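To keep things clear, I will list the structure first and then write my remarks on it.
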Amino acid sequence: MSRTLRRRSTIAASLALVASLALSACGGSDSGSSAVPPSAGGGGDDALQEVYDNAPVAEAAALLSDSTMAAIRERGVLRVAAALDAPLLSQQDPSNPDDIQGFDIDLAKMLAIYIIGEPNIEVVPPASETREALLTNGTVDVVFNTYTITEERAEQISFAGPYFVSGLAVAVAADNEDIAGIDDLGGRTVIVGANTPAVTAVPEQQPTAEVVSFATDPQCVQALTQGRGDAYVQDYTLLAADAESNDGIKVVGQPFTEEAYGIGLPPNDPDFKDFVNDWLEQIYADGSWAAVFDATLGTVGDGSTPEPPAIGSVPGS
Amino acid sequence: MSALVDAWPQLLSGLGTTVFVLVTSAVGALVLGTLVTVARVSPVPVLRAAAFGYVQVLVNVPLLALLLLAVFALPDAGLIAPLVTTAIVVLTVYEAAYVAEALRSGINTVSRGQVEAARALGFTLAQTLRLVVVPQAARTVVQPLGNVLIALLMNTALTATVGVVELTSATNKVNLVQAQPIPIFGAAGLVYMALALVIGLGAGRIEKRVAIRR
């Protein structure tokens, strides 16, 4: 090849390489997305839009100078660790990555409105093992991820709330008539999610049950319908959402444990914890919490709206 | 540290499953890989093409995709087996491709003269391969095969994502309650390192013993 041709083709090749790296970098950064409130797309969304419009905003005096909340307001965006694939709790719309809907994420947006005035959030999907690390090293400000309050976790980070009380329940294949609840699971094969409280709760209640765990909720449901286990034990809200979208499984019995969800906060920050708890009190009192529940989790229940739990009522919160 | 001591039986059971999966898949991969290499160097074009296709497909598909396919998609086609069995089969099939490539490079180091001499002595193809070529080839690639086995050890950790309760999965479960990932996962990492050292040093020792001095 002549020298000019070789030089041109080298330049072209390096430009192509840089372009492809830049494009792949663009593609890779969609793990952090800023969500906008869902535009009118049905009754539930209209109701939520009204809730956002009327959402409380913190008074300037509440944002103590040099505090976490002042820093968040300064930054203009609330960093939230939340799932992208939890139906009714925090579900990203695949055709519109900016649109994430659900109970957890709507509460996060309302917290952002309370601090900043706008529902500007940046979502970082965590793995269950990394939630504490994300809080302690400051990658996220809060965790809204069906984060069960336990004393071991409370030793490392702080919890605000609880903001919801759920429990573990049992789902079986739709044509299974033998199992009516946790008491019938002795000696059976039970599917659980890999990093959920069910991993310890099932052996406690039924020591003879054989426990098989899979990484994600869709995998567990698939395993149940394919017959790898007799039952699937998971949080009641998740099971209800799964049963709603999948006729092959059904929920049997009532929740047999009490799991209180809390908002994960960075450790050693009592001002921020008091601030967030104040906000929770406000949305419990003015009905916004109930409205968000009705628009999300309430759509698959029996229509009743639970009472918000008492703040600080669970050890660790 | 107390978290590790309390959960000792669980972690030991997980380690047992890891070692069981490792040894079974290693033996299977070595056998299957040898067969694939033999097909690859055979004079039959169909066998050569099939072996080439097998290796190219399997080294270019991520192991996680294969595991998810085998565990979650095959049952819909009617092929359902216990999780550990499925994991061993997938690991065997996957690592056999790497064993085949390593062995093929070994076969390329055996000089033509050896094959010609064997033919001159009246050996059949099977005898040539069995008595002359593969023994010499295998003795030159002991260290690369050791590396493939170390990769296999690390890949057993991947089966945790499809429900096999081996060391990584057991460690994860312990950490779920204790929420002390650094000492717990650090300890699991040290165990994997120790196993990899055993394989690596073993391969080194075997290589010294069977090296061909020309």
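Any read-out appearing in this document is the output of simple, stated calculations on the displayed coordinates, not a laboratory observation. The model shown is predicted, which means the values in this text are computed figures rather than measured ones. FYI the Cβ positions are ideal-geometry reconstructions off the backbone, even for glycines, and counts take in every protein chain you see.
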Multiply the residue gap between B:Ser105 and B:Gln10 by 0.36 nm, knock off their C-alpha separation, and tell me the result in nm, one decimal place.
30.0 nm
So what J values fall out for the stretch B:134-140 if you push phi through Karplus, 6.51 cos²θ - 1.76 cosθ + 1.60 with θ = phi - 60°, rounded to Hz, Gly and Pro as x?
5, x, 5, 5, 4, 5, 8
Cα→Cβ-extended label distance, 7 Å offset, between A:Asp271 and A:Ala61, nm
1.6
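How would A:Asp85, A:Asp242 line up from fewest to most surrounding beta-carbon atoms within 10 angstrom?
Numbers: A:Asp85 13, A:Asp242 24.
With the sparsest Cβ surroundings first, the list reads A:Asp85, A:Asp242.
Quick check: net charge around A:Gln226, other residues with Cβ under 14 Å of its Cβ, Lys/Arg +1 and Asp/Glu -1?
Working: positive: A:Arg228; negative: A:Asp175, A:Asp230, B:Asp76.
So the surrounding residues net to -2.
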Which residues among the stretch A:111-137 fall inside the zone where the amide N is under 13 Å from a point 7 Å beyond the Cα of A:Thr200, along Cα→Cβ?
none
If I model a spin label as a point 7 Å beyond the Cα along the Cα-Cβ vector, how far apart are those points for B:Val198 and B:Val89 in nm?
2.8
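Give me the net charge for the shell around A:Glu210: Cβ to Cβ below 13 angstrom, other residues only, Lys and Arg +1, Asp and Glu -1. Present the calculation step by step, with values, prior to reporting the outcome.
Working: positive: A:Arg188, A:Arg228; negative: A:Asp230.
Every neighbour counted, the sum reads +1.
Could you tell me which of rounded, prolate or oblate describes chain A, using a ≥ b ≥ c as the square roots of the eigenvalues of the alpha-carbon gyration tensor, with rounded for a/c under 1.5 and, failing that, prolate when a/b is larger than b/c and oblate otherwise? Let's see the in-between values first.
Working: a/c = 1.82, a/b = 1.21, b/c = 1.51.
Oblate, since a/c reaches 1.5 and b/c is not below a/b.
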Approximate spin-label separation A:Arg6-B:Arg48, in nm, with each point projected 7 Å along Cα-to-Cβ:
3.5
What is the distance in Å between the Cα centres of the stretch A:42-108 and the stretch B:30-54?
58
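Just the C-alpha atoms of the protein assembly as shown: what Rg/Rh do they give, with Rh taken as the Kirkwood radius?
Values: Rg = 28.6 Å, Rh = 26.8 Å.
Ratio of gyration radius to Kirkwood radius for the protein assembly as shown: 1.07.
How well do other chains shield peptide A:217-227, expressed as the mean number of their Cβ atoms within 10 Å of each residue Cβ?
Numbers: counts 0, 1, 6, 1, 0, 5, 6, 0, 2, 7, 2.
Partner Cβ neighbours, averaged per residue: 3.
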What FRET efficiency comes out for the pair B:Val210/B:Leu125, r = Cβ-Cβ distance, R0 = 22 Å, nearest 0.05?
0.35
Would you mind counting up the charge near B:Gly163? Only other residues with Cβ under 13 Å from its Cβ, with Lys and Arg at +1 and Asp and Glu at -1.
0
Considering every residue in B:176-182, what mean count of other chain Cβ atoms within 10 Å of its Cβ is obtained?
5
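Can you give me the span-like helices of chain A, meaning DSSP H runs with 24 Å or more of Cα extent along the axis and Kyte-Doolittle mean at or above 0.0? It would help to have the intermediate numbers written out before the result.
Numbers: long enough: A:3-28 (37 Å, 0.68).
Going by DSSP H runs, the hits are A:3-28.
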